[in-house]
1. What Kirkwood hydrodynamic radius, in Å, does the stretch 46-196 give when the mean of 1/r is taken over all pairs of distinct Cα atoms and then inverted?
2. So how many Å³ per residue does the convex hull of the Cα atoms of the stretch 147-196 work out to?
3. As a check on your grasp of the helix formula, calculate [θ] at 222 nm for the chain: sum -39500 (n - 2.57) over DSSP H runs of n ≥ 4, divide by the residue count, round to the nearest 500.
4. Taking 0.36 nm per residue of separation and subtracting the Cα-Cα distance, what length does fully extending residue 39 through residue 11 add?
5. If you fit an axis through the alpha-carbon atoms of helix 115-129 and take the longest principal axis of the Cα set of the chain, what angle between them do you get, 0 to 90°, nearest 10?
6. How much of the DSSP bridge set in the chain is antiparallel, in percent, rounded to the nearest 5?
7. Can you give the relative contact order of the stretch 16-193 as a percent, counting alpha carbon pairs under 8 Å and 6+ residues apart?
8. Using the scaling law 2.2 N^0.38 Å as the reference, what is the normalised Cα Rg of the stretch 3-132?
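Please treat every number below as a calculation from the coordinates, not as lab data. Source: prediction; values computed, not measured. Here Cβ is always computed from backbone atoms with ideal geometry, including for glycine, and neighbour counts include all displayed protein chains.
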């Protein structure tokens, strides 16, 4: 594992898992995108006010990460893919990537239903096999945050069937990402800030 390429401060604040040398690929072949990821992770904090106030369609957590990266040239991206067999063309639609730049795909899974992980990992697998991406990154939440949600009276909004690390890791370890190099960051309680 090459997690030592991640700054110590980030390793202290996030639960991090890597497959197929994702860190080495990012640091060596995609230094600008790597720096963007490190920078957004460094700037991010989990504010109490973001958890106690309704977020509408998109949470403040996802919104912060998206907007930070969009200002660095990342974009939401939908790929147009098709398979051609004996001159017969068949569309093979993919889902939009939350944040994409120069062959790096990043998804934010804060509080979706856990099958969204299957969608993301299948998308990464297909796009990697088609040589459209080189690394897939997922930012999600650590299981330990459930205690904070419960203390805030928001435990029901962040239930056991929503996206958190213990729902993601078995999928990846079971091969769901196939050959795609993957890097996963879990938002931990060390990032929590009481701002109210």
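1. On the way: mean 1/r = 0.0604 Å⁻¹.
With all distinct Cα pairs of the stretch 46-196 included, I get 16.6 Å.
2. Details: hull volume 5.0 nm³, N = 50.
In the stretch 147-196, the Cα hull volume divided by residue count equals 100 Å³.
3. Theoretical 222 nm ellipticity from helices: -11000 deg cm²/dmol.
4. Working: separation 28, 0.36 × 28 = 10.08 nm, distance 1.32 nm.
My answer for the length gained is 8.8 nm.
5. Between helix and principal axis, roughly 40 degrees.
6. Once the DSSP bridges in the chain are tallied, antiparallel ones form about 55 percent.
7. Contact order relative to length: 28 percent.
8. Working: Rg = 16.6 Å, N = 130, 2.2 N^0.38 = 14.0 Å.
Relative to the 2.2 N^0.38 Å estimate, the stretch 3-132 comes out at 1.18.
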